[in-house]
Structures are given as C-alpha cells and as structure tokens.
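Engineer: I have a structure I would like to understand better, so I am pasting it below and will then ask my questions one at a time.
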Amino acid sequence: MGKKTTKNRTEIYNARTIGSFFLLAFLAYGFGRQFFESQIASEKYLGSVLIITNSIMVLFIGILFRRTLKQYNVLVANIYLFTRLFESVALSSIVLNLIPAINISEDNGYFLAMLVLGLGSIPMCLTLYKQRILPPWLTIWGVIGYAVFAFGFLMELFDKEWSMYFLPLGGLWEITFAIWLIIKGGGK
C-alpha cells in the first residue's frame, strides 16, 4: 500500500498525452500561423483549422494537467486551467479575422495569450517543485523561463519588440518538459 501511495504522489496523470499535446500544439500553431498569413484562401483556411486545433490541444493540456495539480493545490490547478483556457481563446481569436467586418490585431491576441501563459504557468512550476514531481532543475528552469517569457510579451504590449529575445528559454523548457513527460510517463 505504501508503494502505491508513493507512486501516485509523483505521477502526472495522462503525462504522455499532455507531452504529445505540448509538441503537437507547437507544430499546429507554427504551421497554422504561417498558412493563415498567406494570401491564398485555401491556405488561409487550412491555417485557421490548424490554429483552432492548437487551441483545442492547449485547452486539453489545462484540463488534463489540472487533475494532477488539484491533488496538491486546488487554486494552482484552477489558475493553470484558466491560463490554458485564456490562451486557447486568445490564440483562436485570430481566426475571427476571416470575417470581413471584424479586424482584430493578430499580434495583441498572441501577446496576451503568451503573457497569461507565462504568468499562469509559474505557480504550476512552483507546485511541481514543492511536491518534487519533476526533477528540481526542470522546475527551476520552468519558473525562470516562464517569468522571462512573460516579461518579453509584456514589453510587446508596450510596443517594445523584445519577445523574440525572451521566448527561447520558456519555449525550450516546454519542449524539454514535453519530451520528459513522454519518456518518463509522468513518474519521477
């Protein structure tokens, strides 16, 4: 009985699925945004489908990861779910630009989504650190990466084009975290 309790304490539920969604969401948004910015209608629509697909995966990351986080801190679990919900809606709002009467700044939706993602993911990383769910080096990297990431996107909202300088640390963390989840399957 003691072994099972210990295993459950360090398990990230649906870890491989969450890790896969992290990686697939990167691809879906990256290619989706490129296609969406095309002048060719069919590519623009393909891009919108990929962006919506990204948003669905982002939302499911929040829903699935909440199950693990709520065992340790319900508030952090809810903050992280809200973070992913906000990101999902903000990133998919770019698709509204397909409607001629609506003109939403594509960049501001993206900047807000990334700012909220950065800020909302810091408590998640701190909880993973406190509960020793991930290796300490990975959680500390996550806290620093998301803080720097959020700062870069905050500056974008003040017309300072800094995000590209602050994006790599958080982005590389997400890729590393995703690979860790897929390989380890959530167990430490």
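No value in this document is a laboratory result; all are computed from the given coordinates. Quick caveat: nothing in here was measured; it's all calculated off a predicted structure. Note: ideal-geometry Cβ built from the backbone for every residue, glycine included; neighbour counts use all protein chains shown.
Engineer: Across the chain, how many lysine pairs, 8 or more apart or on two chains, come within less than 20 Å at their alpha-carbon atoms?
Structural biologist: 13
Engineer: Checking a compactness column here: for the range 147-188, what do you get for Rg(Cα) / (2.2 N^0.38 Å), N being the number of residues?
Structural biologist: Numbers: Rg = 13.7 Å, N = 42, 2.2 N^0.38 = 9.1 Å.
That ratio works out to 1.50.
Engineer: Oh, and also: What nm distance separates the two modelled labels at L27 and L126, each placed 7 Å from Cα along Cα→Cβ?
Structural biologist: That separation, rounded to one decimal, is 3.5 nm.
Engineer: Lys and Arg at +1, Asp and Glu at -1: add these up for the other residues within a Cβ distance under 15 Å of I79 and post the number. Could the numbers behind the result be given before it?
Structural biologist: Numbers: positive: R66, R67, K70, R84, K130; negative: E87.
Once all neighbours under 15 Å are counted, the net charge is +4.
Engineer: Rounded to the nearest 500 deg cm²/dmol, what is the calculated helix-only ellipticity per residue at 222 nm for the chain, with -39500 (n - 2.57) per DSSP H run of length n ≥ 4?
Structural biologist: Working: 7 runs with 147 residues, N = 188.
Estimated from H runs of four or more residues: -27000 deg cm²/dmol.
Engineer: Are there chymotrypsin sites (Phe, Trp or Tyr not before Pro) in the range 118-159 that DSSP puts in a loop and that have at most 10 other Cβ atoms within 10 Å, and which ones? All intermediate terms of the calculation are to be shown ahead of the outcome.
Structural biologist: Details: sites: Y129, W137, W141, Y146, F149, F151, F153, F158; in loops: F158.
Loop-located and lightly packed - F158.
Engineer: Which helices pass in the chain if a helix is a full DSSP H run, must span at least 24 angstrom along its long axis by Cα, and must have mean Kyte-Doolittle hydropathy not below -0.5?
Structural biologist: Details: long enough: 15-36 (30 Å, 0.98); 41-69 (42 Å, 1.15); 74-92 (27 Å, 1.39); 106-130 (37 Å, 0.84); 136-157 (32 Å, 1.48); 163-184 (31 Å, 1.28).
Helices meeting the span and hydropathy rule in the chain are 15-36, 41-69, 74-92, 106-130, 136-157, 163-184.
Engineer: Obtain the nm distance between the two label points defined at Q71 and S20 by a simple spin-label model: each point lies 7 Å from its Cα along the Cα-to-C-beta direction.
Structural biologist: 2.1 nm
Engineer: Across 5 Å bins from the origin, how do the percents of Cα pairs in the range 30-188 run, short distances first?
Structural biologist: 2, 9, 16, 21, 20, 15, 10, 5, 2, 1, 0
Engineer: What is the gain in length, in nm to one decimal, between E43 and F158 on full extension, counting 0.36 nm per residue of separation less the C-alpha to C-alpha distance? Display every interim value, and only then the final one.
Structural biologist: Details: separation 115, 0.36 × 115 = 41.40 nm, distance 3.14 nm.
Residue separation times 0.36 nm, minus the Cα-Cα distance, leaves 38.3 nm.
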